[in-house]
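Peer 1: Mind looking over this structure? Questions follow.
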Amino acid sequence: MSTRVVGQSVPKKDAATKVRGSRKFPQDFNMEGQLHAKVVWSEHPHARVTKIDVSQAEALPGVVKVITAEDVPVNEYGIIIPDQPVLVGEGDKVRWLGDRIAIVVAESEDTARKARRLVQVEYEPLPVVSDPREAMKPGAPLVHDERGDTNVIRHIKIRKGDWRKGLAEADVVVESYYITPYVEHVYMQPDAGIGYIDDHERVTVNSAAQWAGHDIPQIAHMLDLPQDQVRMIVPAIGGAFGGREDMHIQHVLALCAYLLRRPVKMVFDRSEVMTRTGKRHPYYVKYRTGATSDGKLTGVEIEIVAEVGGYASTSVPVIEAGTSFAAGPYVVPNAKVDAYAVYTNNAVTMAMRGFGTTQSAFIYEMQMSKLADALGMDPVELRMKNLFQDGSIGLTGHEMPEGVGIREALRQAALAGGWKEEDGRWIRPDLGPPSAPHKRPGIAVACGLKNVGYSFGSDDKSTVGVQLALDESGRIARVTVQTAACDVGMGVQTALAQMAAEALSVDYNQVRVSMADTASAPDSGSSSASRHVWISGNALVRACQDALRKRDEILMAETGETFVAAEHEFRGLSVRETKPYDPETGMCVPHFSYGYASQIALVEVDSETGETEVLKFWAAQDVGKAVNPEMVRGQAGGGVHMGLGYALTEEYIQQEGVAKTRHLSDYYIPTVMDMPREFTLVTVEVPDPTGPFGAKGVGEMTTLPTAPAIISAIHDAVGVWIDEFPATAERVWRAMQKK
Amino acid sequence: MATLNMIVNGKEASVEVGAGDLLAHVLRDKLGLIGTKISCGEGECGACTVLVDGLSVTSCIYPALKAQGREVTTIEGLPQEGQLHPIQQAFIDVTAPQCGYCIPGMILSAKALLDENPHPTREEINEGISGNLCRCTGYYQIVEAIELAAERMAEKGGAR
Amino acid sequence: MWDEYLFPQSVDEALEMLEAHVGEARIIAGGTDLTLQSQRRQVPAKVVVDITRIPGLDHVEERDGLIYVGAQVTHAQVAASPLIGSLAGVLAEACGSVGGPQIRNVGTLVGNVVNALPAADGAMALFAMDAEAEVAEGTGRRWAPIASLYAGVGRCTVDSCEAMITQLRFPALRDGEAGAFERLAKRRTLILPILNTAVVLGIDGGKIEKARIAIGPVATTPFVATEAAAALVGRAPDGAAVAEAAKLASEAAEPRYSLLRGSTEYRKSMVEVLVRRALTRAVARACGEEGENGNS
């Protein structure tokens, strides 16, 4: 499809104010007469609160109020199920370190900070469950004794074909046990915001979020208010990566404003973000893969135990999504999968870039790398033999919709990375000599795929409006896109502006995008699931078409009107009817759209210390249509950054539910020096016929193959498989010692 | 309280500060210079980077009174006569900012680097921003923006 | 956090300020550590005495074969100093490894010593260079060997509430002498090392005539591997001598298990690798095969 604005790397709408430093993030707002809040956090991962004494704190001059459980109208919340107390009261349990006991509100931040240390809390410690494999055993201490007699909150079963026969008939069976780490999002902007009562008496919160529209019902429920009396305003957001899907701060600010009827500001420090907000799920995985000697997959048997932490958050949909991709983008005729989501007293786990599929990508790609090694087959070739194409039948018996771009992504990645294709055979590149005698070079490939939008029958929808201001001759002078989509940095506002300019045949600079304010902009759903370009783009293009029709009517009727508005709600289910897992077989239609990626890592491993350096990296991303190629490259760079940290350096360490990595000085995200010196993005455009201009989602797919590519490359270099990562120097060294 | 006199972005500034106040807070809360960001609060991420007498410092752990009599440059001080600094313009042109929270600190580290070394190699640019963490970009477009700015500044300098 | 922030104009005035607020005042230089420690209330101080404006403490100079580094000299200045680069390259390497550029611009080498961490990069090189510190205290000034300044993790024998270090000195490397610095960390920069080592050796007439090996953090203070160094003396600077010394250093080092830094077993093993690499580079440099600032 020939396009004019879509496909151009126009400047991001927010770039100028961001380079000037004038763009306001939540901590940059202040209001007349504002108070300051600090949370009194739980000191135990599992305990009963026996006494809360706020008298000393309240006596401190400057303290306005210490809010406790009895002040909360409806003391429960949760993004999917309301299993979290807003504040834990006397007699109730804390279930992880992120539980709140009280909120201290004072005239100054300093006073609030001092007063929080004066709140006296007594606990009766309870046995801590800190390993989900133990937690799922009968008789384990219950994290939520009020919710039944098990810590398992979801068990997914997939039974496809005859898995016993599939594995029995295999010439080679690869069997592994994997442990994926707890990791933190590390969005650079710590949670912050202001709650206040607006001119229309609405409880209003100005804060970062990923789905302003979904915070509203949670806050309204907590305050027992109608939803139209709650308002969310989302200014610039300093990154999210899934970490702002749950409310960390919004409901607390709403509660303060509601109770005190004054503006209340709260800013987390980094250690609060580190230790009191959600993380990525660790998976504990048993995985068997069978294949014939010519490399055809015959079956898989998989058991996944995913750690939920103290509260459910989005764990159930995360595990559902992750499980649906447990066999990756490969045709597997026979499968047995059991996946469990299990409460513990460790940090709550939640959405994080990939939504459960990042862990899956690690396990299925490590299996493929091992299988190639066991078969003595080139890893590209093995994958090519099994990869999906249009119409392939997936793990849950569903048909892959048109636009499967994974083969093309792998082909282009392999060619870029130096592979050669000769008559259907793939031949790996010669890596040349290492940079030093003790260094060992290695190269490996990995693939990944992920759904776009919500899955399993969820009614995912986005509403986007468009307003046209016409000049006297009826030409479009200015365009405003109306959306409450949160721009977490990825550039949704820019991408939507480009699509509006394209659909309306106007200049990009004529389009502005409204602020994400639930009082004035329609709900476009969450900035998650790599969905906005696809779903909000679809809504926007249709709204533009409506607007143009209305404009033409006005011109025809010669009414002299100069303002046209249109709005469209686009539903994902209108494209494909998705369905939930069958309870016994797991068969379903999981997702309506997909994006694909294939990446290659060239590493050098220090054979003496075990250190890994990623020298070069190739990322082939099938985005359907790159709406803004430079933004795609930015997403890919960031995805690889996060995947590289996941593979090599990042690990949120807890002991018996207590965090040991509490600052950025002990939780190591990659610096510029840790990134591959050469990074090549190969943009692949296999159109999604259901996407706007053929576009697919991008954001999450960029990170899926990174860790398995790097860790498989370590094997290529020094011959060891690192099944529990990050592949720190010591882990690699230990594996080499055992060899 | 003590009086802190400094030159901020070329203008004299005089503020009452506490002995333990940190420069980032003084800039943000007392002078309204919100472009200075606080992320880790312990000098580990570079988001709060400002220049003191031309040297980059992490202002979140820099005692404000150390700036007594010094020249402080924040992101707000970079544009000249309404024109963005070439580094700022280059960041826009190569789509370097995503969430943007690390960007002011990155740009100031870049400025400190280019002021000292107008023709840096890629390796020197990496060194120059090695104290600034970014979670969104993978740093590539940031490094390219600094390269582009260096080229443009050299051309402009040559024309003059 | 603090009640008073003072700028003395001389070392004597600084000491008077400390005396005027006995036990409550503390010396601050760059403050990159103290600010955080005060914030976290690990190090109490009501009054801080900032020495960065005292004239005469900003020198890096050589006199009579000794290099003097003043208390205001930052890691960045040490790393960039041509004098240090040519006559004490190991120190330049070490100081260039500290934190990121912003921390190196503010944090001082003397501060690195006073903070007394057994992982400090700059201090490790000072141990290898056999440095001394000039201590200014009530009774006057004295030179103290670097090792005498360390009493344990974070505990310097020069109490910043009573005294200060005004400068450091160490012998400039002569012909046939060279050093090297190595570190191992969980990422490439902006991080404390899980291990580091600084070595200095001298070669004369085809034989190693002196050697010093400092290793951290493998004890509560920077560890000097004297046996390993002694084993080198008198030997030809070949691979066998280096390997043997590295092995001895590893046997002598006693790193603790650390959840964040790694196991005893791994770190002990890595001592051998790092010391061997550092010695190998130092030998190459001493033999003129590699520039003092060269990286291998």
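The values are calculated or read from the model by the stated rules, or taken from the named source; none is laboratory data. Nothing here was measured: the structure is a model prediction, and the numbers come from that model. Positions of Cβ are generated from backbone atoms using ideal geometry, with glycine treated the same way; all protein chains shown enter the neighbour counts. In case anyone asks, the SASA skips ligands and DNA or RNA and just uses the protein heavy atoms, side chains included. Shrake-Rupley method; radii C 1.70, N 1.55, O 1.52, S 1.80 Å.
Peer 1: Output the pairs from A:Lys385/A:Lys739; A:Lys286/A:Lys336; A:Lys265/B:Lys37; A:Lys24/A:Lys696; A:Lys114/A:Lys660 with a Cα-Cα distance over 21 Å in this structure; if there are none, say none. Kindly include the intermediate steps, with their values, before the conclusion.
Peer 2: On the way: A:Lys385/A:Lys739 31 Å; A:Lys286/A:Lys336 12 Å; A:Lys265/B:Lys37 17 Å; A:Lys24/A:Lys696 30 Å; A:Lys114/A:Lys660 24 Å.
As for pairs spanning more than 21 Å Cα to Cα, those are A:Lys385/A:Lys739; A:Lys24/A:Lys696; A:Lys114/A:Lys660.
Peer 1: Points 7 angstrom from Cα along the Cβ direction at A:Glu122 and A:Leu573: gap in nanometres?
Peer 2: About 5.3 nm, to one decimal.
Peer 1: Taking a cut-off of 22 Å, what percent of all Cα-Cα pairs in segment A:71-167 are separated by more than that?
Peer 2: Of all Cα-Cα pairs in segment A:71-167, 52 percent lie more than 22 Å apart.
Peer 1: Still on this structure, please answer the following. Viscosity 1.306 mPa s, temperature 10 °C: what is the translational diffusion coefficient of segment A:459-574 from Stokes-Einstein with a Kirkwood Rh over Cα pairs, rounded to a whole number of µm²/s?
Peer 2: Answer from the Stokes-Einstein relation: 113 µm²/s.
Peer 1: Any chance you could give the angle, 0 to 90 degrees and rounded to 10, that helix C:239-252 forms with the longest Cα principal axis of chain C?
Peer 2: Its long axis makes an angle of about 50 degrees.
Peer 1: Once every DSSP H run of n ≥ 4 in chain A is given -39500 (n - 2.57) and the sum is divided by its residues, what mean residue ellipticity at 222 nm do you get, rounded to the nearest 500 deg cm²/dmol?
Peer 2: -7500 deg cm²/dmol
Peer 1: Once you place label points 7 Å from the Cα toward the Cβ at C:Ser10 and A:Lys137, how far apart are they in nm?
Peer 2: Going by the 7 Å Cα→Cβ label model, 7.3 nm.
Peer 1: Measure out, as a whole number of angstrom, how far apart the alpha-carbon centroids of segment C:160-187 and segment B:1-32 sit.
Peer 2: After rounding, the separation between the Cα centres reads 35 Å.
Peer 1: Same structure, new question: Return the sequence-ordered ³J(HN,Hα) values of segment A:238-246 in whole Hz as given by the Karplus equation 6.51 cos²θ - 1.76 cosθ + 1.60 applied to θ = phi - 60°, using x for Gly and Pro.
Peer 2: x, x, 8, 6, x, x, 10, 6, 7
Peer 1: Continuing with this model, one more query. Averaged across the residues of C:25-37, what count of C-beta atoms belonging to other chains lies within 10 Å of each residue's C-beta?
Peer 2: 3
Peer 1: Less than 13 Å from a label point 7 Å out along the Cα-to-Cβ axis of A:Glu201: which backbone N atoms in segment A:248-286 qualify, by residue?
Peer 2: Under 13 Å, as judged by backbone N against the label point of A:Glu201, lies no residue of segment A:248-286.
Peer 1: With viscosity set to 1.306 mPa s at 10 °C, what whole-number translational diffusion coefficient in µm²/s follows for segment C:4-50 from Stokes-Einstein and a Kirkwood radius over Cα pairs?
Peer 2: Answer from the Stokes-Einstein relation: 148 µm²/s.
Peer 1: Quick check on packing: order C:273-285, C:133-145 by the mean number of other C-beta atoms within 10 Å, highest mean leading.
Peer 2: C:273-285, C:133-145
Peer 1: Additional query: Would you please classify the overall shape of segment C:60-171 from the alpha carbon gyration tensor, given that a ≥ b ≥ c denote the square roots of the eigenvalues, rounded means a/c under 1.5, and beyond that prolate means a/b larger than b/c while oblate covers the rest?
Peer 2: It is oblate, given that a/c is not under 1.5 and a/b is not larger than b/c.
Peer 1: Grab chain C and count how many Lys pairs have their alpha-carbon atoms under 24 Å apart, sequence gap of 8 or more, or different chains. Before the final figure, lay out each step's value.
Peer 2: Working: C:Lys186/C:Lys247; C:Lys186/C:Lys268; C:Lys207/C:Lys247; C:Lys210/C:Lys247; C:Lys247/C:Lys268.
Lysine pair count for chain C: 5.
Peer 1: Using a 7 Å offset from the Cα along the Cα-to-Cβ direction at both A:Leu415 and A:Thr585, what is the distance between the two label points in nm, to one decimal?
Peer 2: 4.0
Peer 1: Here is a follow-up. By the scheme Lys and Arg +1, Asp and Glu -1, what is the net charge of all other residues having a beta-carbon under 13 Å from that of C:Ala249?
Peer 2: 0
Peer 1: Then there is this: Would you mind classifying segment C:177-286 by shape? Square roots of the alpha carbon gyration tensor eigenvalues, ordered a ≥ b ≥ c; an a/c under 1.5 is rounded, otherwise it is prolate if a/b is larger than b/c and oblate if not.
Peer 2: Values: a/c = 2.39, a/b = 1.81, b/c = 1.32.
It comes out prolate by the Cα gyration axes.
Peer 1: As an exercise, find the ratio Rg/Rh for chain A from alpha-carbon atoms, using the Kirkwood inverse-distance average for Rh.
Peer 2: 0.98
Peer 1: Taking a quarter of the surface of the convex hull around the Cα atoms of chain C, what do you get in nm²?
Peer 2: Computing the convex hull of the Cα atoms and averaging its projections yields 14.6 nm².
Peer 1: What do the square roots of 5 times the Cα gyration tensor eigenvalues come to for segment A:16-138, in whole Å, largest first, as semi-axes of the equivalent ellipsoid?
Peer 2: 31, 22, 13
Peer 1: While we're on this one: From the backbone phi of segment B:140-153, what are the Karplus-calculated ³J(HN,Hα) couplings (6.51 cos²θ - 1.76 cosθ + 1.60, θ = phi - 60°) in whole Hz, Gly and Pro given as x?
Peer 2: Result, rounded to whole Hz: 4, 6, 5, 4, 5, 5, 5, 4, 5, 4, 4, 4, 5, 5.
Peer 1: Follow-up question, since we're still on this one. Return the average number of partner chain Cβ atoms within 10 angstrom of each residue Cβ along peptide C:179-190. Before the final figure, lay out each step's value.
Peer 2: On the way: counts 0, 0, 0, 0, 0, 6, 4, 12, 11, 11, 8, 16.
Neighbouring Cβ atoms belonging to other protein chains average 6 per residue here.
Peer 1: Could I ask something else about it? In segment A:425-494, which trypsin sites (Lys or Arg not before Pro) are in a loop and have at most 15 other Cβ atoms within 10 Å, using DSSP for the loop call? Before the final figure, lay out the partial values.
Peer 2: Working: sites: A:Arg425, A:Lys439, A:Lys450, A:Lys461, A:Arg475, A:Arg478; in loops: A:Arg475.
Within segment A:425-494, the qualifying trypsin sites (Lys or Arg not before Pro) (loop, at most 15 other Cβ atoms within 10 Å) are A:Arg475.
Peer 1: Please work out the Cα center distance from segment A:631-704 to segment C:51-92, rounded to the nearest Å.
Peer 2: Centre-to-centre (Cα) distance: 41 Å.
Peer 1: Would you mind getting the accessible area per residue of the protein assembly as shown, heavy atoms of the protein chains only, 1.4 Å probe, in Å²?
Peer 2: On a per-residue basis, the protein assembly as shown sits at 34 Å².
Peer 1: Please turn the phi angles of segment A:165-174 into ³J(HN,Hα) values with the Karplus equation 6.51 cos²θ - 1.76 cosθ + 1.60 (θ = phi - 60°), one per residue in order, whole Hz, x for glycine and proline.
Peer 2: Taking θ as phi minus 60°, the curve returns 5, x, 6, 5, 7, 6, 7, 10, 10, 9 Hz for segment A:165-174.
Peer 1: Which of the pairs A:Lys12/B:Lys30; A:Lys461/A:Lys625; A:Lys51/B:Lys30 have their Cα atoms more than 28 Å apart in this structure?
Peer 2: Checking Cα-Cα distances, A:Lys12/B:Lys30; A:Lys51/B:Lys30 exceed 28 Å.
Peer 1: While we're here: Can you compute log10 of I(q)/I(0) for segment A:537-650 with the Debye formula, treating each Cα as one identical point scatterer, at q = 0.15 Å⁻¹?
Peer 2: Listed by q, the Debye log ratios stand at -0.94.
Peer 1: Semi-axes, largest first, in whole Å: what does sqrt of 5 times each Cα gyration tensor eigenvalue give for segment A:353-482? Could the numbers behind the result be given before it?
Peer 2: Numbers: eigenvalues 358, 98, 52 Å².
Ellipsoid semi-axes (Å, largest first): 42, 22, 16.
Peer 1: Follow-up question, since we're still on this one. How big is the dipole moment of the protein assembly as shown about its Cα centre under a simple scheme where the beta carbon of each Lys and Arg is +1, that of each Asp and Glu is -1, and everything else is neutral? Debye, nearest 20, please.
Peer 2: Approximately 1180 debye in magnitude.
Peer 1: First select every other residue whose beta carbon is under 14 angstrom from the beta carbon of A:Arg270; then total the charges, Lys and Arg +1, Asp and Glu -1.
Peer 2: -2
Peer 1: Here is a follow-up. Counting other Cβ atoms within 10 Å of each Cβ, which GluC sites (Glu not before Pro) in segment B:18-115 have at most 10 and sit in a DSSP loop?
Peer 2: Hits after loop and neighbour filter: B:Glu81.
Peer 1: Just tell me how shielded B:19-25 is by partners: mean number of partner chain Cβ atoms within 10 Å of each residue's Cβ, no decimals.
Peer 2: 4
Peer 1: Taking only the alpha-carbon positions of segment B:86-159 and ignoring solvent, what does the Debye formula give for the base-10 log of I(q)/I(0) at q = 0.16, 0.21 Å⁻¹?
Peer 2: Values, matching the q order: -0.47, -0.82.
Peer 1: Divide, for segment B:2-76, the radius of gyration over alpha carbons by 2.2 N^0.38 Å, where N is the residue count.
Peer 2: Ratio of Rg to 2.2 N^0.38 Å for segment B:2-76: 0.95.
Peer 1: Between the alpha-carbon centers of segment A:321-383 and segment C:208-254, tell me the distance in whole angstrom.
Peer 2: Answer, in whole Å: 47.
Peer 1: Net charge near A:Asn30: determine it from the other residues with C-beta under 9 Å of the C-beta of A:Asn30, scoring Lys and Arg +1 and Asp and Glu -1.
Peer 2: Counting the neighbours of A:Asn30, the net charge comes to -2.
Peer 1: Continuing with the same structure: How far is helix C:264-286 tilted off the main Cα axis of chain C, in degrees rounded to 10, range 0 to 90?
Peer 2: 80
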